[in-house]
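Visitor: Right, I'll just put the structure down here and ask away after.
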Amino acid sequence: MAQNEPPSLRSPWSTSRIQGTPEAPLPYTFEAVFPKLQFDNALEMISIGGRMVVVERGGKIWSFPEDPAVDKADLLIDLKALHPKVAFAYGIAFHPQWKSNKEVFITYTLASGLEDGTRLSRFRLKEGDIPEIDPSSEEILLTWLSGGHNGANIRFGADGMLYISTGDAAVPSPPDILNSGQDNSDLLCSVLRINVNKSENPNAYGVPKDNPYINVKNVRPEIWAFGFRNPWKMSFDEKNRLWVGDVGWELWEMIHLVKKGHNAGWSAMEASNPIKPELASPLAPITTPVASHPHTEAASITGGYVYRGSRLPKLRDAYIYGDFTTGKIWALWHDGQKVTKHEEIADTPHRIVTYGEGKDGNLYYIDYGTPSGIYRLIPNPKAGKKSDFPRRLSETGLFTDTSKQAPAPGVYEYRIIEPMWQDGAKSQRFIALKDKSKINTSIERHPNGKIKKAEVTWPVDTVLAKTISTGQPSDHKIETQILHYDGESWNGYSYRWNEDGSDADLVEAKGEEVTVPSDGWKGGSRYRIHSRSECSRCHNSWNKFVLGFQPWQLRALPHAKKTSIRESAIALGLVDANFFERNTRGLLTSSHGRGSTNAQARSWLHANCSACHRRHGGGSAPLEVNFEVPLMDTAMLYENPTRGDF
């Protein structure tokens, strides 16, 4: 269909060849478990006595039978009712003799920046068949500085000792501002090991006599290992080996196999990246991680467990872990001396915040959010099957003339109000819905008519495309980015344009750097085409993956010059009317056009920052700068700094 035809003459997009993935599908996919339960921002999951225990960030801890049909969780404790200033609940561990001594250990934090703001406390269970913690039984055992990275994961080892992870309690950048990573005079950046079965004045716990630094001057004797930035999750395997996933800083995410006296390197090193090498501790040499992932693959690692179940026999004895930001999952086999096998096994749309091991070695993970879903891996029926995913842009079916960017019938160019900053480059955007499929929106309203909840359902094999070029005078096309919805996940791909601008080739998953004409372009000659994992850092689940084709961003369908974007999109059958009803805050304002400074600033922040800095978005500073949030609710005004000051 030509672009000047009226909207009523929408043709089906029947030329699509963007299906599947460029590489053979991975061996595992996922399925939901315990679907009748809902949790709010869950951070931890363990198993005890045939029941699963889930810790919510806000302080409520629940338990429920490990039964897929379970429809109700029982409250174990509400920490916020006990301490109204609780900010985060992190970890829980039942004493090895919990059935007789009723002891349960919990970690949580109060406000950031308090010397005793992170706590390890002992509680006791009430009598009864369903576990319930007595809030009045709290005994605070240990405290340390609260901040951005608290660790606070707790596990009992086979030796009966309690192991506790601590982070650097610092802002993300500059790195380790307290220089605590290699300074062992405090409890930060460590895995601690204590004996909760005895007390030694002035402490309500004992320090095991075989801890590595028990009699070393100016070193806390509780330290078992050190040099971690934010050891978010750790676990013991059947051989009593301690696995720790450590969230990295600028370049790397790390998995450590931790031994007595281990130095993981932070902040002298971040994996192989020197940060402050002059601070390296003389206590122990730095041990390299058993696995490290660049930020082109992962951005916030979540440690898991060595799989000991029977449901997935090919994963037996593999350490399974994932990434909060990209949703990827890996399996790693280690023979005690070296890694013998290491591979990516699944790619999910989930924010993997924790793993949990149930009975019979069942392994689950939690997708962080409201609600927090619980999932498990299953064999992928499509695994290993070859794909004819298009390797050239001209093979995608998006264009009748690729070099001129002439859309194929059923493919529509669209324009947005406020694009991301691109250093002077320009973009051309397209939407393609397979055949004549439509974007459907369901809306749930409050009794007063206001929207309570809105859910957008995108058709399978939706494609959004963006071609980036340098602009005048060379107008050199650099890349075309593709965002494809396969029915389960949104996946990003890039095609690099050739020198004569006639076609573009699919870029490998790791991305690449290219040289482009610098004539008239502010960006210079070097340009980075992002990896597919990096695409998911902005096109993420907390902003529902799609950024530009949204009612507050849409400006026009260029061919429908005499109708509004709402009228033309509905008339074309691209969306239903509810799609635009979601917009209750009005349109963005171009930061390069007319409008109030406030509107321009909010629009710029939305386009450039809100992918992470929104409710539960994972941004290191808890701002909510997405446009639909009222200014006074953004946490930008009259707020105390939570990640350091100027």
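The values are calculated or read from the model by the stated rules, or taken from the named source; none is laboratory data. Since the model is a prediction, treat every value here as computed from it, not as a measurement. So basically every Cβ, Gly included, is an ideal-geometry build from the backbone, and we count neighbours across all protein chains shown. Ligands, DNA and RNA are stripped out before the accessible areas are found, and what is left, the full protein with its side chains, is counted by its heavy atoms. Shrake-Rupley method; radii C 1.70, N 1.55, O 1.52, S 1.80 Å.
Visitor: Name the one entry in Lys453, Lys438 that is without any contact (Cβ under 8 Å) to a residue 12 or more places away in the chain, open to solvent by 80 Å² or more (accessible area, probe 1.4 Å) and basic (Lys, Arg).
Guide: That would be Lys453, the only listed residue that is without any contact (Cβ under 8 Å) to a residue 12 or more places away in the chain, open to solvent by 80 Å² or more (accessible area, probe 1.4 Å) and basic (Lys, Arg).
Visitor: Say we look at region 456-479 and pick out the residues that are among the hydrophobic types (A, V, I, L, M, F, W, C) and within 17 Å of Leu574 (Cβ to Cβ); which of these is most open to solvent (accessible area, probe 1.4 Å)?
Guide: Residues of region 456-479 that are among the hydrophobic types (A, V, I, L, M, F, W, C), as a first pass: 456, 458, 460, 463-465, 468, 478.
Next cut, within 17 Å of Leu574 (Cβ to Cβ) only: 456, 458, 460, 463-465.
Numbers: Val456: 42, Trp458: 27, Val460: 82, Val463: 2, Leu464: 14, Ala465: 4 Å².
Checked region 456-479; the qualifying residue most open to solvent (accessible area, probe 1.4 Å) is Val460.
Visitor: What is the residue count in region 117-138 for residues that are acidic (Asp, Glu) and surrounded by fewer than 12 Cβ atoms within 10 Å (Cβ to Cβ)?
Guide: Step one: list which residues in region 117-138 are acidic (Asp, Glu), which gives 127, 129, 132, 134, 138.
Now drop any that are not surrounded by fewer than 12 Cβ atoms within 10 Å (Cβ to Cβ), which leaves 127, 129.
Counting residues in region 117-138 that are acidic (Asp, Glu) and surrounded by fewer than 12 Cβ atoms within 10 Å (Cβ to Cβ) gives 2.
Visitor: Here is a further query. Quick one: Ser533 ticks every box in (1) in contact with a Leu (Cβ under 7 Å, 6 or more places away or on another chain); (2) of a type in the set (Gly, Ala, Ser); (3) under 20 Å from Lys328 (Cβ atoms) bar one, so which box is it?
Guide: Unmet for Ser533, out of (1) in contact with a Leu (Cβ under 7 Å, 6 or more places away or on another chain); (2) of a type in the set (Gly, Ala, Ser); (3) under 20 Å from Lys328 (Cβ atoms): (1).
Visitor: Follow-up question, since we're still on this one. Looking at Thr597 and the list (1) free of Cβ contacts under 8 Å to residues at least 40 places away in the same chain; (2) closer than 30 Å to Glu444 by Cα; (3) hydroxyl-bearing (Ser, Thr, Tyr), which single condition is not satisfied?
Guide: (2)
Visitor: Here's a follow-up. If you check Ile320, Ile352, Ile374, which single one turns out to be in contact with a Phe, Trp or Tyr (Cβ under 6 Å, 6 or more places away or on another chain), hydrophobic (A, V, I, L, M, F, W, C), buried (at least 17 other Cβ atoms within 10 Å of the Cβ) and over 20 Å from Tyr90 (Cβ atoms)?
Guide: Of Ile320, Ile352, Ile374, the one residue that is in contact with a Phe, Trp or Tyr (Cβ under 6 Å, 6 or more places away or on another chain), hydrophobic (A, V, I, L, M, F, W, C), buried (at least 17 other Cβ atoms within 10 Å of the Cβ) and over 20 Å from Tyr90 (Cβ atoms) is Ile320.
Visitor: Within region 516-525, how many residues are open to solvent by 50 Å² or more (accessible area, probe 1.4 Å) and touching a residue at least 60 places away in the same chain (Cβ under 8 Å)?
Guide: The qualifying residues number 1.
Visitor: To continue, here is another question. Restricting attention to region 386-408, report how many residues are among the hydroxyl-bearing types (Ser, Thr, Tyr), more than 20 Å from Pro25 (Cβ to Cβ) and open to solvent by 20 Å² or more (accessible area, probe 1.4 Å). Walk me through it before giving the result.
Guide: Quick first cut of region 386-408, residues among the hydroxyl-bearing types (Ser, Thr, Tyr) only: 387, 394, 396, 400, 402-403.
When the remaining residues are screened for being more than 20 Å from Pro25 (Cβ to Cβ), the result is 394, 400, 402-403.
Imposing the further condition that a residue be open to solvent by 20 Å² or more (accessible area, probe 1.4 Å) reduces the set to 394, 400, 403.
So the answer is 3.
Visitor: Now for a separate question. Just to check your reading of the model, which residue among Arg537, Arg566, Arg528 is surrounded by 15 or more Cβ atoms within 10 Å (Cβ to Cβ), without any contact (Cβ under 8 Å) to a residue 24 or more places away in the chain and either closer than 30 Å to Val625 by Cβ or out of contact with any His (no Cβ under 6 Å at 6 or more places or on another chain) (or both)? Write out each step before concluding.
Guide: Numbers: Arg537 fails: without any contact (Cβ under 8 Å) to a residue 24 or more places away in the chain; Arg528 fails: surrounded by 15 or more Cβ atoms within 10 Å (Cβ to Cβ).
Among Arg537, Arg566, Arg528, only Arg566 is surrounded by 15 or more Cβ atoms within 10 Å (Cβ to Cβ), without any contact (Cβ under 8 Å) to a residue 24 or more places away in the chain and either closer than 30 Å to Val625 by Cβ or out of contact with any His (no Cβ under 6 Å at 6 or more places or on another chain) (or both).
Visitor: Hey, any hits in region 135-149 for a residue that's closer than 30 Å to Trp266 by Cβ, aliphatic (A, V, I, L, M) and assigned to a loop (DSSP other than H, G, I, E, B)?
Guide: Residues of region 135-149 that are closer than 30 Å to Trp266 by Cβ, as a first pass: 140-149.
With aliphatic (A, V, I, L, M) added as a condition, the list becomes 140-142, 145.
Going one step further and asking which of them are assigned to a loop (DSSP other than H, G, I, E, B), we end up with 145.
Yes, because at least one residue in region 135-149 is closer than 30 Å to Trp266 by Cβ, aliphatic (A, V, I, L, M) and assigned to a loop (DSSP other than H, G, I, E, B).
Visitor: Does region 436-449 contain at least one residue that is more than 24 Å from Thr563 (Cβ to Cβ) and aliphatic (A, V, I, L, M)? Explain how you work it out, then say what you get.
Guide: First, the residues of region 436-449 that are more than 24 Å from Thr563 (Cβ to Cβ): 442, 444-449.
Right, trim to aliphatic (A, V, I, L, M) and you get none.
No, that holds for no residue.
Visitor: Considering each residue of region 421-435, count those that are open to solvent by 80 Å² or more (accessible area, probe 1.4 Å) and of a type outside the set (D, E, K, R), and give that number.
Guide: Result for region 421-435: 1.
Visitor: From the set of residues in region 182-208 that are assigned to a loop (DSSP other than H, G, I, E, B) and touching a Leu at 6+ places or on another chain (Cβ under 7 Å), which is nearest to Val247 (Cα to Cα)?
Guide: To start, the set of residues in region 182-208 that are assigned to a loop (DSSP other than H, G, I, E, B) comprises 182-189, 196-199, 201-202, 204-205, 207-208.
From the residues that got through so far, the ones that are touching a Leu at 6+ places or on another chain (Cβ under 7 Å) too are 182, 184, 188, 196, 204-205.
Values: Gln182: 17, Asn184: 20, Leu188: 15, Val196: 28, Ala204: 30, Tyr205: 29 Å.
The selected residue is Leu188.
Visitor: Further, regarding this structure: For region 233-253, name all the residues that are open to solvent by 10 Å² or more (accessible area, probe 1.4 Å), under 15 Å from Pro289 (Cα atoms) and assigned to a strand (DSSP E or B). Before you say what the answer is, go through the steps one by one.
Guide: Filtering region 233-253 for residues open to solvent by 10 Å² or more (accessible area, probe 1.4 Å) gives 236-241, 247, 249-252.
Still in the running and under 15 Å from Pro289 (Cα atoms): 241, 247, 249, 251-252.
Hit for region 233-253 is Trp252, nothing else.
Visitor: For region 264-282, name all the residues that are in contact (Cβ under 8 Å) with a residue 60 or more places away in the chain and not in a loop (DSSP other than H, G, I, E, B).
Guide: Of everything in region 264-282, those that are in contact (Cβ under 8 Å) with a residue 60 or more places away in the chain and not in a loop (DSSP other than H, G, I, E, B) turn out to be Glu270, Leu279.
Visitor: Same structure again: Tell me, which strands (runs of 3 or more DSSP E) wholly within region 425-512 include 2 or more residues that are within 25 Å of Thr326 (Cβ to Cβ) and among the hydroxyl-bearing types (Ser, Thr, Tyr)?
Guide: Counting at least 2 such residues, we get 477-485, 490-497.
Visitor: Now, a different point. Out of region 283-296, which residues are of a type in the set (Gly, Ala, Ser) and either open to solvent by 20 Å² or more (accessible area, probe 1.4 Å) or not in a loop (DSSP other than H, G, I, E, B) (or both)? Working first, answer last.
Guide: In the first step, residues of region 283-296 are kept if they are of a type in the set (Gly, Ala, Ser); the result is 284, 291-292.
Selection gives Ala291, Ser292.
Visitor: Let me ask another. Tyr638 passes all but one of (1) open to solvent by 50 Å² or more (accessible area, probe 1.4 Å); (2) at negative phi; which number fails?
Guide: If we test Tyr638 against (1) open to solvent by 50 Å² or more (accessible area, probe 1.4 Å); (2) at negative phi, just (2) comes out false.
Visitor: So, in region 489-515, exactly how many residues are open to solvent by less than 60 Å² (accessible area, probe 1.4 Å), more than 17 Å from Leu464 (Cβ to Cβ), in contact with a strand residue (DSSP E or B) (Cβ under 6 Å, 6 or more places away or on another chain) and not aliphatic (A, V, I, L, M)?
Guide: Qualifying residue count, region 489-515: 6.
Visitor: Specify which of the listed residues (Asp40, Asp71) is touching a residue at least 40 places away in the same chain (Cβ under 8 Å) and surrounded by fewer than 19 Cβ atoms within 10 Å (Cβ to Cβ).
Guide: Details: Asp71 fails: touching a residue at least 40 places away in the same chain (Cβ under 8 Å).
Only one candidate passes the filter, namely Asp40.
Visitor: Right, something else. Name the single residue that is farthest from Ala571 (Cα to Cα) among those in region 433-451 being basic (Lys, Arg), out of contact with any Phe, Trp or Tyr (no Cβ under 7 Å at 6 or more places or on another chain) and at pLDDT 90 or above. Please lay out each step first, then the result.
Guide: Filtering region 433-451 down to residues basic (Lys, Arg) leaves 434, 436, 438, 445, 450.
Now narrow it down to the ones that are out of contact with any Phe, Trp or Tyr (no Cβ under 7 Å at 6 or more places or on another chain): 436, 438, 445, 450.
Next, only the ones that are at pLDDT 90 or above stay: 436, 438, 445.
Details: Lys436: 12, Lys438: 11, Arg445: 25 Å.
Within region 433-451, the match that is farthest from Ala571 (Cα to Cα) is Arg445.
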